[in-house]
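Report on the structure given below.
Values in this text are rule-based calculations from the coordinates and carry no lab data. Fair warning: this is a prediction, and the values are worked out from it, not measured in the lab. Methodologically, a virtual Cβ is constructed for each residue, glycine included, from the backbone with ideal geometry; neighbour enumeration extends over all protein chains shown.
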Amino acid sequence: MRVSREEYQQMLESELSKTYSSKTVDHALKPRNMGRIEVASGYARITGPCGDTMEIWLSVDNKVIGEATFMTDGCVTTIAAGSMVTEMAKGKPLDEAIQIGQQDILESLDGLSEESRHCALLASNTLKEAIIDYYEYSRDKWKRSYKKQW
Ligand code: FES
C-alpha cells in the first residue's frame, strides 16, 4: 500500500497526539524560525546531557530581538521547544528575553512529559547563551572574527 505525503503527515500527527499536546505537535511538525541567520548579532550552541544539540541565532536591534532562529539535531520535543522559544523571544527586549525559562516554555507548549522536560531547558539555556554572546561581542565587535562558530 502506497501512502501519500498528506496521509503520512496525518498518521504522524495522530500518533504524536497520543503523547503530546496539540501545541507541541503543531510546533514539532511545523517548526517556526528554523534555520540560521547569516550575519547574527548573538549565537549559541549547546549540547545537553542527552547528547542533543541546539543552536540559536539572534538578530538584535536597539537591544530588542528582531529575529530569532534555531537548528537542532534533537527529538520531536526539542524541535517544538526550539520553535516555541524563538517565537517567545522575537520582539522582546534582551533583558526580558533572558528571563524566559524552562517553565515558561513548558507552559507555552501546554506541558511535556517528565522525560521530555529537559528539551525545554536546553532551549531556554541556548537562548540565554545567545543573549550573553550578544552582550559579550556588542562592545567589541572585532572579537567575533576570532571566535570559532558558524
Ligand atoms: Fe534531549 Fe530532546 S531528548 S533535548
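Please determine whether any residue of the stretch 126-146 is within 19 Å of residue 19 (Cα to Cα) and either without any contact (Cβ under 8 Å) to a residue 40 or more places away in the chain or surrounded by fewer than 21 Cβ atoms within 10 Å (Cβ to Cβ) (or both). No: the stretch 126-146 contains no residue that is within 19 Å of residue 19 (Cα to Cα) and either without any contact (Cβ under 8 Å) to a residue 40 or more places away in the chain or surrounded by fewer than 21 Cβ atoms within 10 Å (Cβ to Cβ) (or both). With respect to (1) away from the ligand (no atom under 16 Å from the Cβ); (2) within 16 Å of residue 75 (Cα to Cα); (3) surrounded by 18 or more Cβ atoms within 10 Å (Cβ to Cβ), the lone exception for residue 20 is condition (1).
Taking into account only those residues within the stretch 109-130 that are small (Gly, Ala, Ser) and within 13 Å of the chain's Cα centre (by Cα), which is nearest to residue 56 (Cα to Cα)?
Filtering the stretch 109-130 for residues that are small (Gly, Ala, Ser) and within 13 Å of the chain's Cα centre (by Cα), the one nearest to residue 56 (Cα to Cα) comes out as 130.
So for the stretch 33-40 (the condition being under 12 Å from the mean Cα position of the chain (by Cα), assigned to a strand (DSSP E or B), under 26 Å from residue 115 (Cβ atoms) and within 16 Å of the ligand (Cβ to nearest atom)), does at least one residue qualify? Yes - at least one qualifying residue is present in the stretch 33-40. Among all positions in the stretch 46-54, there is no residue which is touching a Leu at 6+ places or on another chain (Cβ under 7 Å) and of a type in the set (Ser, Thr, Tyr).
Taking the criterion of being surrounded by fewer than 24 Cβ atoms within 10 Å (Cβ to Cβ) and within 15 Å of the ligand (Cβ to nearest atom), the residues of the stretch 84-110 that qualify are 102, 106. The set of residues in the stretch 68-82 that are among the small types (Gly, Ala, Ser) and either more than 17 Å from residue 121 (Cβ to Cβ) or more than 13 Å from the ligand (Cβ to nearest atom) (or both) contains only 68. Within the stretch 99-118, being of a type outside the set (D, E, K, R) and under 16 Å from residue 79 (Cα atoms) holds for 102, 105, 106, 108, 109, 111, 112, 113, 116, 118.
Residues of the stretch 2-24 that are within 12 Å of residue 84 (Cβ to Cβ) and not small (Gly, Ala, Ser): 23, 24. Across the stretch 42-67, the number of residues qualifying as touching a residue at least 60 places away in the same chain (Cβ under 8 Å) and either of a type in the set (Phe, Trp, Tyr) or within 16 Å of the ligand (Cβ to nearest atom) (or both) comes to 12.
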